[in-house]
Amino acid sequence: MPAFKDTDTTAARPKLYSVEEAKQLDAGTVKDLFAAHINPGQLHFLKLLGFDKILVDRAEGMHYITKDGRRILDFFGGFCSVAFGHNHPRIVAARKKFQDENRHEICMAFMSQYAAALAANLAAIAPGDLDMVFLGSTGSEAMEAAVKVAEQAQGPARSKILHAANSFHGKTKGVLSITDSTLYQSQFKLVDNRVKVPFGDINAVRLALESDPAIGIVVMETVQGGGGIVEAPEGFWRELRALCDKHGVLWIADEVQCGLGRTGQFFAFERDGVVPDVTALAKALGGSKAAVGAMIARREIYMKAYGKPKSALIHAQATFGGMGEACISAIEGLNVLYEEDLMGNAQRQGDYLIARLNELRVKHPSLLKEIRGRGLMIGIEFNDISETMPFGVKHMVALLDDKLKGSLCGFVGALLLKDYDVLVAFTEYNRNVIRLEPPLIATREDCDTFINALDDLLSRGITRIVTDYLRKVAVAKG
C-alpha cells in the first residue's frame, strides 16, 4: 500500500513565472508587479527620476545594457558594491568552475575550506592583529556582529555605544539604533544604550568618554557615505585611537562602503596609520557577484567574547555565512584587487575626477558648492536652489530652500541618465549631494565621459535644467 494517496494536484499549482518568462518581461509589466508586490511608495520616487522607464537586460564592466540597447555608464556602482565592474570575467569564470564541478554550497555540518581560506585572506590583508573573522551576507549583518563582539567583550557595565550624527550602519534593529535617521528609525523600539556626538568632533568624543564611564564602544564610518561623503578632520582618527586606549574603549570602524580599496587603500583608516579594534566589510566583498559581509576583530577581543567552548556558539556563523560560491567569489575578487591594481587605479582616477570636478565648480559657481572625497568615493555638493537664482529673487526663494533641498540633484541625476546615459547616486542625509562611486575599473575615458556630460548639462543653466526636467522626465513619468 502506498504511503500517500495518488492524487492529481495539477489544479492546485499556482501560476508561476519561469526564469525565461521573467527575462522577457517588459518595463510596464515589471512596474505593475513592483507596485503590486514590492513597494508602490518606492515606485513614486523612481518615476520622479525617470528610472521606471528603464529595464536592464545585462551588464558588462562599466555599463548596464538595457533591453532597447542603451549603454548606461555606471557611476553609481550600487553604493560601492560594484567595485570590480559588472561580471568581471575572472570572477565569473571562478564561479562557473565551482558550479561545473558540483562543489558544496551549504555545508554547515562540516568545516568549509572556502570560508577558512577567505577568512585567512582577510586576516592577511588587515593590519595589526585584526585576524578573527565572522562571515555573513550583508553590511548590516557584519555590523551587528561587530557591535555584538565588542559588547560581549566589554560586558554589561560598559555596553553603551558612542556613535556619530548622520551615521549609517544598517537597517536591522540593532545597528538601526546607531543609524542616525529619523526616517529609517521610524517608530521602532530601539536599543537605548547609545549616545550621539557630531562626526569628526574629537572634543565632543573626549567629553563624552570622560563624563560617562559606561561608554565602552565607539562606532563610526571612516568616511560617511549617506552623510554626503564626509571625512573627519586631519588627525581625528589618531586622536580617537589614543582616547579609546586611554579609557579602555573599543573602536569599531565601519568600512562597509569605504573599504575594499574604494579610497585608494584597502581600508580607509590605513591612511592615518591607525588600527581599530573591530572593523566590517561588505558591499563589494563578494566580487560584485555575491552577497558577502565580514566582521574582523582583534584576536584578544574575539577570544574574550567567544573564545571558550561555553561561549563559542553565542554568535557563530549563520546558515548563509560562508556559502561556498560566495566565498570563492570573494577570494577571487581579493586576488583581482591586487593583481589588477584596482586600488592604485581608484587613487589615480579619483585624483583626476576631483581635479576635473573642481574645474567645473569654478566654471559653474552658482550651481556647485563643494567637491570632496578620496579615491573613487566622491561627493558633489550642489548649492541650495536660492543660490542659483538672480539676486532680486534669491531671498524670496531662500524661504523654500529646505523644502526644495535635493531637487537640483534630482533634476541633474535624472537628466544625466535620460540625455547622456550616465547613472549617478544620491545621499540619505545631505540631499544636495550627488555621490560618485563607480567601479574601481573606471578608465580615464570613463571619467572624461562623465565630466563632459555633467559640464554640458550644467552649462544649460538652472532655468533650462528645471524646464528640461519637467518636460522630459516629470511630464513623461505617466
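Data overview
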read-out: Ordering of 75-81, 465-471 by burial proxy (mean other Cβ atoms within 10 Å per residue, highest first); value: 75-81, 465-471
read-out: Selection of trypsin sites (Lys or Arg not before Pro), the stretch 105-194, meeting DSSP coil and at most 14 other Cβ within 10 Å; value: LYS189
read-out: With every protein chain in place, the chain: carbon and sulfur % of accessible area (1.4 Å); value: 57
read-out: In Å², nearest 10: area of ARG374 left accessible to a 1.4 Å probe; value: 30
read-out: Per residue accessible area of the stretch 404-478, 1.4 Å probe, in Å²; value: 36
read-out: For the stretch 333-346, Karplus couplings with θ = phi - 60° (6.51, -1.76, 1.60), whole Hz, Gly/Pro x; value: x, 5, 5, 4, 3, 7, 6, 9, 6, 5, 5, x, 5, 4
read-out: Hydrodynamic radius of the stretch 143-264 per Kirkwood, over alpha carbon pairs, in Å; value: 14.5
read-out: Dimensions in Å of the stretch 295-350 - Rg and Dmax from alpha carbons; value: 16.8, 50
read-out: Under-5 Å amide H pairs with MET220, H placed in peptide plane, nonlocal only; value: ILE252, ASP254
read-out: Nearest-10 value in Å² for the accessible area of THR172, using the 1.4 Å probe; value: 60
read-out: The stretch 237-310, accessible area per residue, ligands and nucleic acids excluded (1.4 Å, Å²); value: 33
read-out: In the stretch 321-380, GluC sites (Glu not before Pro) in a DSSP loop with at most 16 other beta-carbon atoms within 10 Å; value: GLU340
read-out: Rg and Dmax [Cα atoms of the stretch 30-90; Å; Rg one decimal, Dmax integer]; value: 13.2, 38
read-out: P(r) tail fraction, the stretch 101-168 - alpha-carbon pairs more than 16 Å apart, %; value: 65
read-out: Whole-Å semi-axes of the stretch 124-211's equivalent ellipsoid (Cα gyration tensor); value: 22, 19, 14
read-out: Estimated translational D of the stretch 63-137 in µm²/s (Stokes, Kirkwood radius over Cα pairs; 20 °C; 1.002 mPa s); value: 136
read-out: MRE, 222 nm, helices only [DSSP H, n ≥ 4, -39500 (n - 2.57), over the chain, to nearest 500]; value: -12500 deg cm²/dmol
read-out: Gap separating the Cα centres of the stretch 207-246 and the stretch 105-149, nearest whole Å; value: 24
read-out: Over the chain: Kirkwood hydrodynamic radius from C-alpha pairwise inverse distances, Å; value: 24.1
read-out: Reachable lysines from LYS304, criterion Cα separation under 21 angstrom, eight or more residues apart if same chain; value: LYS148, LYS160, LYS246
read-out: The chain - percent relative contact order, Cα under 8 Å, separation 6 or more; value: 20
read-out: Those GluC sites (Glu not before Pro) in the stretch 91-197 that DSSP places in a loop and that have at most 15 other beta carbons within 10 Å; value: GLU101, GLU105
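The values are calculated or read from the model by the stated rules, or taken from the named source; none is laboratory data. Note that the structure is predicted; figures quoted are calculated from it, not measured. For neighbour counting, all protein chains shown are included, and Cβ atoms are generated from backbone atoms with ideal geometry for every residue, glycine included. Side chains included, ligands, DNA and RNA excluded: accessible areas come from the protein's heavy atoms. Shrake-Rupley method; radii C 1.70, N 1.55, O 1.52, S 1.80 Å.
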